[in-house]
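Q: Here it is: the structure, laid out below.
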Amino acid sequence: MKSRKRQVKRIRLICWVIGIPLVIVFLVGVILFHEKEGQGISRALAAKSVVLAFQSPEDLKEWQKEYGASHFSAKDLEQWYVPYMDYLYEHGYLSDKETPPKDCEKEFLTYKEAEKIASMISPELAERVGANRKNREKPFPEEMWWLLYDSLLKAADETGQVEQRSICIYGTVENVPGTPSWVAHTSLGETGFAGLALDGYIDHELNVYVRDNEMIHVLSDNGEQVTYRNVWLVDGDEEELLVYVGEIERRIPFAKKSKKTEKYLHNLADIELDHGKVTRVLVKNQRITGKLLSVQQDGVEIEGYGLVPFDEEYKVLKTYGGLTKQNLEDVLVGYENQEFVVAKGKICAVLTVREFEAKTIRVLIMNEGFGGLYHSGITLSGDTPLTFTVGDQVTETAAGEEVAFAPGDERLSEGRLIVTAGEGGEIRVCSMKRQDANPCYGGRLELVDTEEGLVLINELYLEDYLKKVIPSEMPSSYEKEALKAQAVCARTYAYMQIQSNTYQRFGAHVDDSTNFQVYNNSGTDERTRAAVEETYGKMLLYEGKPITTYYFSTSCGHTADSSVWGSDPELTPYLKSISLQPGQKSLELTSNEDFAAFIKNKNYPAYDSSFPYYRWNVTTNAQILSDNISGVGTVESVQVVKRGAGGVAQELLVKGSEGETRILGQDRIRAALGDERLTIYQKSGKTATGWKSLPSGFLIVEPGGKDETGTRLFEIYGGGYGHGVGMSQNGAQGMAKDGMGYEEILKFFYEGVTVETISQEGEKE
C-alpha cells in the first residue's frame, strides 16, 4: 500500500514538473501571439498614410464632394477614416468584397492587403511586403509598414509633399476646451491628427510625417524638454505665465517661483519647458518701426532698414483690441501701424499695434497701354527739382532735367529708389503716355528693379488720388450730384482695396487700370475736384462697416448681384439686382423667353436708356466662334442655359461638329462671343469695332441663317456696358438730371447703406 502511495506521489510530482513549464510555455505563446496581433497597422491608419501620399487633405475633401457616395453604412459616415478608405476602394487599392468596410480603426491590415496596395504603386514595392501562403491573412506589423512607407513615398510622392518635420504639441481638446476633435495646436499651426493618440504628447517635441496641415505618423518623441519660440507673454505672476502660443492661451507653471514676471509681460519671448514647467524665459524686446514698403516670402522691406529676413518661426499678431493671430496677408504696406520684433537680425514677429490711418494710397503704375506691370525703361523729369533717394544716398536734379533708368541700373542695386518733387511740383514720366500725353504724378514715385523689369509705384494722399480717379472714370461734364456719387463710391472702394493688399509684394494697394479704378488717365478740372472736396471723407457703410462699391458704365435697364462672379449674394446684401425703370421693382429675367422680350425692347424706359450701349446687337458666324471656342469643331448652335439675377448669362452651351462645351461665367462668355472682327451696332445707330470681348453679359444668342458662303450666322442681342453690379454710372447721371441728390442715388443702387464721414484715422465720426 505504501509503495503504491509513493508511486502516485511520484507520478503527481512528474506531472507538476512537466506540466507547469508546459502551461508557462502555452501562456507565453498566447501572450506573444496576442502581442504580435496588437502590433499590426490598422486599416484606417494605413489608408490615411497611402492616400496622403497622393492627395492633399483639401484635394481629398473636394474628391469626396464630387464622389458623393460611400462604401460605408450611414451610421459610420462620420468616422474620420471613411474618405481615406473610400478612396482606396474607388481607385482599386482595396476591394470591399475582400475587405468589408467595418470598423477599420480596430481591424488590422493584412499581408495580402498590404501587397495589393503596394502592387498598385510598383512591383518592387509589392515584393518588399513579403506576403506568402502562411501569412497572407495575418496582420501586417506596424513597424514593417512604416519602413515600407518610406519606400512608398519615394515611389509615389515625387514632389515631396509628405514631409518629416519637427513639431511641438501645445494643446488638444484634452487641455484646451473647445478645440475641435482631431485638431492639435502646434508649432506648425492648427494641425489635424485623425487616428493618432496625441494627448500624452502635450509639451513634447515630436518628429512626424505630415502633409500640409495633417499629421500622418509620429516617428519619434524627442522628450519633454522643449523650447516654445516666439510666444507672446500675456500675463502672469510668481507661480505661472499666461502665454499666447499656437493660437491659444495657456497657463504654464514655473519650475521655480519667478520675481521677474512683470518685466517679461507684453513681449515676445522664447520659453524653455521641462516636463510642462517653465525653466527659462528669453525675452525679445528689440523692436524697429518704419513704413512698410513691401512684403516678401522671406522678409519685409522697411523704409530705413531695407529687406529684413524672417525668423523660421516668425509670428504675425494684432495686439490692440484683443490679442489675435493674423496672416502675413493682413499686414498693410504703406503704413506705420506695425512694429517688428527683431533678434539676431531677423524678424521674429510682426505686430499690428494700432488701426491704420487711411491717409495715403499706393498705386502701381502699369506700362504704356496698361499692357503689364513691368517697364523696360523709365525716364523722369519734373517741373521743379527732383530728389532721388536710395538708402543713405541722396541726389538732386534740376527742373526739366530728364533722368533715365533701365533694368540692372547700378543706381537701383541698393534697393528701392524714392523720387520726390519740390514743393508744389509733380513728377513727369517721359517714357510713356496716357491719352497722348506724358502723365504727371504728385506725391512720390518709387522704382524697384526686378527680374521681370522695372516696377513703378506712386504714393499720394487718398483725396488727391480721388481727384485723378473721378475724371478718368466719369466725364467731368456730368451732373454735379453724379460726380459726387462717383466720388463717394471711389473713396469707399479705395478704402477697401487698401486693406486687400493686392500688390503687397511690390508695396502697392491697387494699380491704375480698370482692374481697380482708372487713375490719372484724364486731366482734372474744377468740377471733379469740387466733387471730391465736397464729399471729403464720406463713404458707404452697411451695418457700420465700409462696403465694396462696385460700379460700371451702363445698365441694360437692370442690374445683377454678386453671383455674377460666383459669389454668394447673401455675403453682400447691399448689392441687390434692381430695375432702373423709375418706380419699377426688380424683374424676373432668368428665363430665355422673358429675357429675350426684355432685351429686344430698345424703348424699355430706364435712367440710362438714352446712352449708346443701353442696347446693342452684333452678328457673328460659326467660323469666328470656332476660332475662339476650342474642342467643338465647327460651331452649330449656341444657347444660354443658365441666367443669374437681372438676366445676366452665367452658362453657355456650345455644340459643334466634334463635340460640345459649356462656358461658365459672364466674363468668359463675353470673351468667347466677342472678336475684334465684329461690328457692334449701338442703340443710336452708331457702330464700333475692335472689341475683343462683348460689352456685357446681358445678352441672348439666336440663329441667324447663313451668309452667301453658306456659313452659319448667329445674332446676339445685348444691353449695357460692364459687369452690371452696383452703380450704373450713366444711370447715376440720369438720376442726377432728374434732380436726385448723390446720397439718394447711392442708396438706390446700394440697399440698406448709410453715407457717413470716416476720419483720416479710419474711424467713423
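Q: Inspect all residues belonging to the stretch 718-737 and state whether any of them is more than 39 Å from the chain's Cα centre (by Cα), surrounded by fewer than 20 Cβ atoms within 10 Å (Cβ to Cβ) and either free of Cβ contacts under 8 Å to residues at least 24 places away in the same chain or more than 23 Å from PHE595 (Cα to Cα) (or both).
A: Yes, there is a match, as at least one residue in the stretch 718-737 is more than 39 Å from the chain's Cα centre (by Cα), surrounded by fewer than 20 Cβ atoms within 10 Å (Cβ to Cβ) and either free of Cβ contacts under 8 Å to residues at least 24 places away in the same chain or more than 23 Å from PHE595 (Cα to Cα) (or both).
Q: Consider THR549 carefully, then state whether it is part of a loop (DSSP other than H, G, I, E, B), buried (at least 24 other Cβ atoms within 10 Å of the Cβ), in contact with a helix residue (DSSP H, G or I) (Cβ under 6 Å, 6 or more places away or on another chain) and among the hydroxyl-bearing types (Ser, Thr, Tyr).
A: Values: part of a loop (DSSP other than H, G, I, E, B): yes; buried (at least 24 other Cβ atoms within 10 Å of the Cβ): yes; in contact with a helix residue (DSSP H, G or I) (Cβ under 6 Å, 6 or more places away or on another chain): yes; among the hydroxyl-bearing types (Ser, Thr, Tyr): yes.
Answer is yes for this residue.
Q: From GLY400, GLY442, which residue is without any contact (Cβ under 8 Å) to a residue 40 or more places away in the chain, small (Gly, Ala, Ser) and within 24 Å of ALA494 (Cβ to Cβ)? Please lay out each step first, then the result.
A: Details: GLY400 fails: within 24 Å of ALA494 (Cβ to Cβ).
Matching residue, one of GLY400, GLY442: GLY442.
Q: Moving to a separate point now. Only one residue in GLU715, GLU708 is surrounded by fewer than 20 Cβ atoms within 10 Å (Cβ to Cβ) and either of a type in the set (Phe, Trp, Tyr) or not in a loop (DSSP other than H, G, I, E, B) (or both), so which one is that? Reasoning before the result, please.
A: Values: GLU708 fails: either of a type in the set (Phe, Trp, Tyr) or not in a loop (DSSP other than H, G, I, E, B) (or both).
When all the criteria are applied, what remains is GLU715.
Q: For the stretch 516-539, enumerate the residues that are under 17 Å from PRO439 (Cβ atoms) and either assigned to a loop (DSSP other than H, G, I, E, B) or aliphatic (A, V, I, L, M) (or both). Let's see the steps before the verdict.
A: In the first step, residues of the stretch 516-539 are kept if they are under 17 Å from PRO439 (Cβ atoms); the result is 516-525, 528.
Within the stretch 516-539, PHE516, GLN517, VAL518, TYR519, ASN520, ASN521, SER522, GLY523, THR524, ASP525 meet the criteria.
Q: Here's something else I'd like to know. Give the residues of the stretch 609-660 that are under 34 Å from the mean Cα position of the chain (by Cα), farther than 21 Å from SER696 by Cβ and outside any loop (DSSP other than H, G, I, E, B), sorted by residue number.
A: Answer for the stretch 609-660, where residues must be under 34 Å from the mean Cα position of the chain (by Cα), farther than 21 Å from SER696 by Cβ and outside any loop (DSSP other than H, G, I, E, B): ASP627, GLU660.
Q: Among strands (runs of 3 or more DSSP E) lying entirely in the stretch 238-336, which contain 3 or more residues that are under 21 Å from THR186 (Cα atoms)? Let's see the steps before the verdict.
A: Numbers: elements: 240-245, 248-253, 268-274, 277-284, 292-295, 299-302, 306-318.
Passing ranges, in order: 240-245, 248-253, 268-274, 277-284, 306-318.
Q: Still on this model: Which residues, taken from the stretch 321-350, are touching a Leu at 6+ places or on another chain (Cβ under 9 Å), surrounded by fewer than 16 Cβ atoms within 10 Å (Cβ to Cβ) and either hydroxyl-bearing (Ser, Thr, Tyr) or under 15 Å from ILE288 (Cα atoms) (or both)?
A: THR324
Q: Would you please list the contacts, defined by Cβ atoms under 9 Å and residues six or more apart or on different chains, that run from a residue in the stretch 532-557 that is under 15 Å from GLY722 (Cβ atoms) and touching a residue at least 12 places away in the same chain (Cβ under 8 Å) to a residue that is assigned to a loop (DSSP other than H, G, I, E, B) and basic (Lys, Arg)?
A: From the stretch 532-557, the pairs are CYS556/ARG615; GLY557/ARG615.
Q: GLY659: in contact (Cβ under 8 Å) with a residue 24 or more places away in the chain and either under 21 Å from ALA596 (Cβ atoms) or surrounded by fewer than 21 Cβ atoms within 10 Å (Cβ to Cβ) (or both), yes or no? I'd like the intermediate steps shown before the answer.
A: Details: in contact (Cβ under 8 Å) with a residue 24 or more places away in the chain: yes; either under 21 Å from ALA596 (Cβ atoms) or surrounded by fewer than 21 Cβ atoms within 10 Å (Cβ to Cβ) (or both): yes.
The answer is yes for GLY659.
Q: Go through the stretch 494-506 and give me each residue that's within 17 Å of PHE356 (Cβ to Cβ), within 18 Å of the chain's Cα centre (by Cα) and either among the small types (Gly, Ala, Ser) or part of a loop (DSSP other than H, G, I, E, B) (or both).
A: Within the stretch 494-506, the subset within 17 Å of PHE356 (Cβ to Cβ) is 494-504.
The next check asks that each one be within 18 Å of the chain's Cα centre (by Cα); those that pass are 496-504.
Selection gives SER500, ASN501, THR502, GLN504.
Q: Residues to consider are VAL403, VAL363; find the one that is modelled with pLDDT of 95 or more, farther than 30 Å from GLY322 by Cβ, surrounded by 14 or more Cβ atoms within 10 Å (Cβ to Cβ) and over 35 Å from the mean Cα position of the chain (by Cα). Let's see the steps before the verdict.
A: Numbers: VAL363 fails: over 35 Å from the mean Cα position of the chain (by Cα).
Among VAL403, VAL363, only VAL403 is modelled with pLDDT of 95 or more, farther than 30 Å from GLY322 by Cβ, surrounded by 14 or more Cβ atoms within 10 Å (Cβ to Cβ) and over 35 Å from the mean Cα position of the chain (by Cα).
Q: Looking at TYR742, TYR750, which is the one that is modelled with pLDDT of 95 or more and either exposed (fewer than 14 other Cβ atoms within 10 Å of the Cβ) or under 30 Å from ALA671 (Cα atoms) (or both)?
A: TYR750
The values are calculated or read from the model by the stated rules, or taken from the named source; none is laboratory data. Quick caveat: nothing in here was measured; it's all calculated off a predicted structure. As a convention, Cβ positions derive from the backbone with ideal geometry for all residues, glycine included, and neighbour counts pool all protein chains shown.
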